[in-house]
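All remarks here apply to the structure that follows.
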Amino acid sequence: MLCTIVLLHLHSTAAADVLPENPSAARFKSTSMWELVTESEPLDVSAAGSQIQCSLLCLRWPDCAAANFRPEPSGGGTCTLLSTQVGTSVEVAETGAVMLRLPGTCRMLRNLHYHTDGVYRHRGLAAPLYCDMTLNGGGWTLLTAAVSNEGWTAQYVIERRRDTPGIDIDYSIVGLGDWLKSTRLSSRPFNYRIEVGGRQRWGGIWSAPSAYSLASSYSNQSEGVELVKMFDSWGPLSIDTPQHIVPWVNTRAVLGGYPLLSTTSELEGMWWGTLVTAYTAHGVSPWILSAETELFNGARLYWLR
């Protein structure tokens, strides 16, 4: 019973800790003499020279939530990677450790069986994050919510109301996007999701190469970007719709400075497909020409997973 209480305490504090230290440090919390046993099959079992090496093996697996390290008398030991922190802890005869991976993103929290939408605090990150844990598999981090065209600037797209995230206020942490993406520790494509005028409406889910920046000031991040799910029927693709371009921040004031966060190409001369603007003639922002009246108002939500 004592063992289980210790693990449950570590599980609960993992989501609540807010530390000012370097975000790349302290990604694990460990306790000696216990081993975590779960009903799921291990992700991997391999040799490791130390607890630290076992932790590093866990970091290389995006779905790894915990790792058991059991040393061998001759040196080194066995490292078992687990996909969950939910299970039973048992005492082991020799000195060992269970290492619990601390979440750095909404997706990591979702992997640890958090299922409620809302604001979460993360170890290593001073600002809280708004997480969608229910739609499209859950684990989505809110980067931007634009509910008006009031007061926006390119700098506010980088960071606005960082400490009070929500889907019903003007808010943005695009400047944190690349760090959040880097916590995936994977070269696989990442996904971003856009919802306009309602949840699961007038947008979609895109896949993009991991090397692309979420804070780029250029509209050239399009090669390899694919629309994998469309919300509503706004196709086919044209200059009057969102483009398959990773949303970029208009810090260079191109296109008259009107689009501030946009999927448009700066070479086209049009700026439909824009999420954030300070211009007042198109409601919150010009998104899709054919649905201009319907989309005049309503939040523009931009998510990362």
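Screening region 220-237 for residues that are surrounded by fewer than 16 Cβ atoms within 10 Å (Cβ to Cβ) and not in a strand (DSSP E or B) and picking the one that is farthest from the chain's Cα centre (by Cα) gives Pro236. Considering only region 191-202, I want to know if a residue exists there that is crowded, with 18+ Cβ neighbours inside 10 Å, closer than 28 Å to Pro62 by Cα and without any contact (Cβ under 8 Å) to a residue 40 or more places away in the chain. Within region 191-202, not a single residue is crowded, with 18+ Cβ neighbours inside 10 Å, closer than 28 Å to Pro62 by Cα and without any contact (Cβ under 8 Å) to a residue 40 or more places away in the chain.
In the set (1) in contact (Cβ under 8 Å) with a residue 60 or more places away in the chain; (2) within 14 Å of the chain's Cα centre (by Cα), the condition left unmet by Met99 is number (2). Take region 166-219 and flag every residue that is farther than 19 Å from Asn250 by Cβ, of a type in the set (D, E, K, R) and either touching an Asp or Glu at 6+ places or on another chain (Cβ under 6 Å) or not in a strand (DSSP E or B) (or both). The answer is Asp168, Lys181, Arg184, Arg188, Arg199, Arg201.
Condition check: at pLDDT 85 or above and under 23 Å from Tyr120 (Cβ atoms). Does Ser83 satisfy that? The answer is yes for Ser83.
Checking each residue in region 273-282 for being open to solvent by 10 Å² or more (accessible area, probe 1.4 Å) and either modelled with pLDDT of 95 or more or not assigned by the TED database to the domain that holds Thr144 (or both) picks out Ala278, Tyr279. Figure legend. Inter-residue proximity from region 247-271: first residues in a loop (DSSP other than H, G, I, E, B), second residues of a type in the set (D, E, K, R) and open to solvent by less than 10 Å² (accessible area, probe 1.4 Å), beta-carbon distance below 7 Å, spacing 6+ or different chains. No pairs are indicated.
Quick one: is Leu125 farther than 25 Å from Gly198 by Cα, in contact with a helix residue (DSSP H, G or I) (Cβ under 6 Å, 6 or more places away or on another chain) and either crowded, with 17+ Cβ neighbours inside 10 Å or outside the structural domain of Lys229 (by the TED database) (or both)? Judged against the criteria, Leu125 is not a match. Restricting region 111-122 to residues that are at pLDDT below 85 and more than 11 Å from Thr183 (Cβ to Cβ) leaves a set whose member that is least open to solvent (accessible area, probe 1.4 Å) is Leu112.
The C-beta contact set for region 162-188 (first residue at pLDDT 95 or above, second residue β-branched (Val, Ile, Thr) and open to solvent by 50 Å² or more (accessible area, probe 1.4 Å), distance under 8 angstrom, 6+ apart or interchain) comprises Pro165/Val119; Gly166/Val119; Asp168/Val147; Ile169/Val147; Asp170/Val147; Tyr171/Thr164. Given the structure, is Ser210 out of contact with any His (no Cβ under 6 Å at 6 or more places or on another chain), open to solvent by less than 30 Å² (accessible area, probe 1.4 Å), assigned by the TED database to the domain that holds Ala253 and over 21 Å from Ala291 (Cα atoms)? When the stated conditions are applied, Ser210 does not pass them.
Scan (1) at pLDDT below 85; (2) among the polar types (S, T, N, Q); (3) buried (at least 21 other Cβ atoms within 10 Å of the Cβ) for the single condition Thr144 breaks and write down its number. Going through (1) at pLDDT below 85; (2) among the polar types (S, T, N, Q); (3) buried (at least 21 other Cβ atoms within 10 Å of the Cβ) one by one, Thr144 breaks only (1).
The values are calculated or read from the model by the stated rules, or taken from the named source; none is laboratory data. If you're wondering where the values come from, they're calculated on a predicted model, not measured in any experiment. When we count neighbours, we look across all protein chains shown, and the Cβ atoms used for this are built from the backbone with ideal geometry, even at glycine. When the accessible area is computed, the model is the full protein with side chains, heavy atoms only, and any ligands, DNA or RNA have been set aside. Shrake-Rupley method; radii C 1.70, N 1.55, O 1.52, S 1.80 Å.
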